[in-house]
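The values are calculated or read from the model by the stated rules, or taken from the named source; none is laboratory data. Predicted, not measured: the structure shown is a model, and the values here were computed from it. Note that each Cβ is placed from the backbone with ideal geometry, even for glycine, and that neighbours are counted across all protein chains shown. We work out accessible area using only protein heavy atoms, side chains counted, and drop any ligands, DNA or RNA first. Shrake-Rupley method; radii C 1.70, N 1.55, O 1.52, S 1.80 Å.
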Amino acid sequence: MSMNYVLASQSPRRQELLRQMGLEFTVHPADIDETMPPELSPKEAVAQLSRRKAEAVACECAPEDCVIAADTIVVCGEILGKPRDEADAVRMLTMLSGRTHQVMTAVTVRCGGRADTQVSVTDVTFRALEPGEAERYTATGEPMDKAGAYGIQGGGALFIERIEGDYYGVMGLPICMLHTMLRRLEQ
């Protein structure tokens, strides 16, 4: 039996990664308040947000559909989501310069009334940025829709000295983890 997958995200990167996995899917973005609960740890908060996205979309889908939801944050002393504007993007990149931070991507899969949430945590080390580098990168527009204001698969790759963990988790969808979750829930 073929599973009907629904991606609860408009992210082009997540869509690309699902295609890379060989999955056919429809896109149904979750329309929820993405405010992080301040009383939760970053890992708990990103997991909760992923679950809320999956639940919101599952309510609008057929019961047998398999909903895949994800959320990504960057943690460097504080939670860094998507930048509000260019100045915020430059602030984030400057904060990450020469430091190691964590990228946390939570994935929730809801299939046939069963659900699972897992969080991928990857340590990413930035080299020290040169003066003006954060501003030039921000001017490309690439940082504006990405947690922590950079894309590992784009121009932000020039800043990264080292990663310890899942590259695809930094991109926004840890595909090995997702594959394992899907196999477990589809049984």
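Selection of segment 124-143 for residues being open to solvent by 40 Å² or more (accessible area, probe 1.4 Å) and under 17 Å from Val75 (Cα atoms) yields only Arg127. Residues that are open to solvent by 60 Å² or more (accessible area, probe 1.4 Å) and part of a strand (DSSP E or B) within segment 144-187 comprise Glu161, Arg162, Glu164, listed in sequence order.
Ser50 - would you say it is crowded, with 18+ Cβ neighbours inside 10 Å, within 23 Å of Val121 (Cβ to Cβ), modelled with pLDDT under 95 and hydroxyl-bearing (Ser, Thr, Tyr)? Here the answer is no, as Ser50 does not meet what is asked.
Quick one: which strands (runs of 3 or more DSSP E) sit completely within segment 1-102 and have at least 1 residues that are more than 26 Å from Arg114 (Cβ to Cβ)? Quick ask: steps written out before the conclusion?
Numbers: elements: 5-7, 25-27, 66-75.
Passing ranges, in order: 66-75.
For segment 70-91, check the following and say yes or no: at least one residue is under 21 Å from Ile175 (Cβ atoms), crowded, with 22+ Cβ neighbours inside 10 Å and not β-branched (Val, Ile, Thr). Taking every residue of segment 70-91 in turn, at least one turns out to be under 21 Å from Ile175 (Cβ atoms), crowded, with 22+ Cβ neighbours inside 10 Å and not β-branched (Val, Ile, Thr). Against the criterion of being part of a strand (DSSP E or B) and basic (Lys, Arg), Arg110 qualifies. Of the candidates Asp31, Asp71, the single residue that is touching a Ser or Thr at 6+ places or on another chain (Cβ under 6 Å) and farther than 16 Å from Glu186 by Cα is Asp71. Can you name the residue in segment 107-123 that is in contact with a Gly (Cβ under 8 Å, 6 or more places away or on another chain) and open to solvent by less than 50 Å² (accessible area, probe 1.4 Å) and is also farthest from Leu18 (Cα to Cα) among such residues? This residue is Thr122.
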